[in-house]
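Below: the structure, in structure tokens.
Nothing in this text is a laboratory measurement; each read-out follows from the coordinates by a stated rule. Model, not experiment: these values are computed from the prediction. FYI the Cβ positions are ideal-geometry reconstructions off the backbone, even for glycines, and counts take in every protein chain you see.
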């Protein structure tokens, strides 16, 4: 699964959008359809937390489901929470702010 998000704004008041492109899901999770989620959150220290809900999916029954991305800018650790299911991984966590 590929998960991404883009957000902007002051560190304590970020807003943006997240997306996922499912691959083969882990056995414990049902298949998911690609979708996007409106997200808001904050950057606190090395942790970016963005939360929201699915606002578009190729499967309309997934719209409105809660989603969150918690990412560490130092380690690259990423946690993706989708409707209570938690997936953990790592990747590029980039933050640019003034």
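Multiply the residue separation of residue 75 and residue 47 by 0.36 nm, subtract the distance between their alpha-carbon atoms, and state the gained length in nm to one decimal. Could you put the intermediate results ahead of the total?
On the way: separation 28, 0.36 × 28 = 10.08 nm, distance 0.98 nm.
Full extension of this stretch gives 9.1 nm more.
Convex hull volume of the C-alpha atoms in the chain, normalised per residue: 87 Å³.
Go ahead and collect, in residue order, the members of the stretch 67-87 whose backbone nitrogen is under 17 Å from a label point 7 Å along the Cα-Cβ direction of residue 11. What the label zone holds, given the 17 Å backbone N cut-off, is 71-75.
Can you tell me, using C-alpha contacts under 8 Å and at least 6 residues apart, the relative contact order of the chain as a whole percent?
Working: 216 pairs, mean separation 17.4, N = 98.
It rounds to 18 percent for the chain.
Taking label points 7 Å from Cα along the Cα-to-Cβ direction, residue 83 and residue 19 give a separation of 2.1 nm. GNM remark for the chain: springs join alpha carbons under 10 Å apart, and the peak mean-square fluctuation among 35, 84, 52 falls on 84.
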